[in-house]
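The values are calculated or read from the model by the stated rules, or taken from the named source; none is laboratory data. Small disclaimer: the values here were computed from a predicted structure and weren't measured. Glycine gets a Cβ as well: all are built from the backbone with ideal geometry, and neighbour counts include every protein chain shown. All accessible areas refer to the heavy atoms of the entire protein, side chains included, with ligands and DNA or RNA removed. Shrake-Rupley method; radii C 1.70, N 1.55, O 1.52, S 1.80 Å.
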Amino acid sequence: MHEAPSALLRYAFADLDLNRVEADTDSRNQRSARLLRRLGFSQERLFRERCIVDGEISDAAMYGLLRREWKGEA
């Protein structure tokens, strides 16, 4: 599950010329958090009680990746 997000980031930074990409995930989803960190994202914020997942109130973790931090840039 690394190829598709890597291709999306390549498209975002190389083709669309974006400077920043953001992602958010349920704070309990450690698999998503690990994937985002492997892609170079940094957790920037925790939004308390931001969403409802399966009827349960949950926090959301916000991640960001800047063009200059992107590992595919080299």
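Return the residues of the stretch 38-74 that are under 11 Å from the mean Cα position of the chain (by Cα) and without any contact (Cβ under 8 Å) to a residue 24 or more places away in the chain; say none if nothing qualifies. Correct list: Gln43, Glu44. The C-beta contact set for the stretch 1-27 (first residue under 30 Å from Ile57 (Cα atoms) and open to solvent by 70 Å² or more (accessible area, probe 1.4 Å), second residue modelled with pLDDT of 95 or more and not acidic (Asp, Glu), distance under 6 angstrom, 6+ apart or interchain) comprises Arg20/Leu66; Glu22/Gly64; Asp24/Ala60; Asp24/Met62. Would you say Gln43 is open to solvent by 40 Å² or more (accessible area, probe 1.4 Å), polar (S, T, N, Q) and under 20 Å from Ala4 (Cα atoms)? It is false that Gln43 is open to solvent by 40 Å² or more (accessible area, probe 1.4 Å), polar (S, T, N, Q) and under 20 Å from Ala4 (Cα atoms). Only one of the numbered conditions (1) open to solvent by less than 60 Å² (accessible area, probe 1.4 Å); (2) at positive phi is violated by Leu65, and that is (2).
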